[in-house]
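Only one structure is covered here, and it is reproduced in the block below.
The values are calculated or read from the model by the stated rules, or taken from the named source; none is laboratory data. As the structure is a prediction and not an experimental result, all values here were calculated from the model. Positions of Cβ are generated from backbone atoms using ideal geometry, with glycine treated the same way; all protein chains shown enter the neighbour counts.
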Amino acid sequence: MNSPLKQRATKAYFYKNLDELKFHMMTFVLYYNHQRKLKSLKYQTHFDIIMLEFEHNNSNFNS
């Protein structure tokens with residue numbers, strides 16, 4: 001994840017202040033976790049994998 005983050009955020013944009021950087025990073029992380037399908041996860045998102053695990057065995061999660 002570090003390489004795409006560097007290429008698409010820190011090296012591609014100039015930020016006027018720290019708040020702009022934080023906002024853009026959070027936007028990128030949300031996109032990466034909820035929409036980007038990864039080959040290593042059999043073309044599913046991180047969020048999909050977590051939800052499948054929760055459905056199968058929710059005792060692994062704190063409520």
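Some notes on this structure:
- Where a residue in the stretch 1-14 is modelled with pLDDT under 75 and its partner, wherever it lies, is assigned to a helix (DSSP H, G or I), with Cβ under 6 Å and at least six apart: Ala9/His24; Ala9/Phe28
- Scanning the stretch 26-63 for residues that are touching a helix residue (DSSP H, G or I) at 6+ places or on another chain (Cβ under 8 Å) and loosely packed, with under 11 Cβ neighbours inside 10 Å yields Asn60, Phe61.
- Once the stretch 22-53 is narrowed to residues that are part of a helix (DSSP H, G or I) and basic (Lys, Arg), the residue that is farthest from Ala12 (Cα to Cα) is Lys39.
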